[in-house]
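None of the figures in this text is laboratory data; all of them are computed from the coordinates on show. Since the structure is predicted, the reported quantities are computational estimates derived from the model, not experimental observations. Here the Cβ positions follow ideal geometry from the backbone for every residue, glycine too, while neighbour counts run over all protein chains shown.
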């Protein structure tokens, strides 16, 4: 029993590590290496875009509450699409899929916060001069194309 718990714990940390490692590259580079036709790639892209919109919302919250609210709505809609794909493709219950998606978005969001802080220290911008700006641009295109 102890061995199974240890293996499960190691797998969990490897999975979380892979999610975090993937956010250190731009979405563009991620998509170059992964097939967009695969549901797992689509789910990851939607979660990543949901996280970047949530991050953008947090950054502008104090200065532009109207757009911050719009960004949160977009983030939630993207997350819902991710959950819907997971339910259909993985045959999961909605609640299970929702919990997984929220957990993944939180991890991705936290990564954007950390990367944004690093970027701020380098050039006084949370977005410009980093992959975060490129990610937001890709996600904006995704939202506009819907």
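Quick notes on this one:
- For 118, 33, order by how many other beta-carbon atoms lie within 10 Å, fewest first: 33, 118
- Label point distance in nm, residue 133-residue 41, each placed 7 Å from Cα along Cα→Cβ: 2.7 nm
- Taking a ≥ b ≥ c as the square roots of the eigenvalues of the alpha-carbon gyration tensor, region 23-97 is classed oblate because a/c is 1.5 or more while a/b is no larger than b/c.
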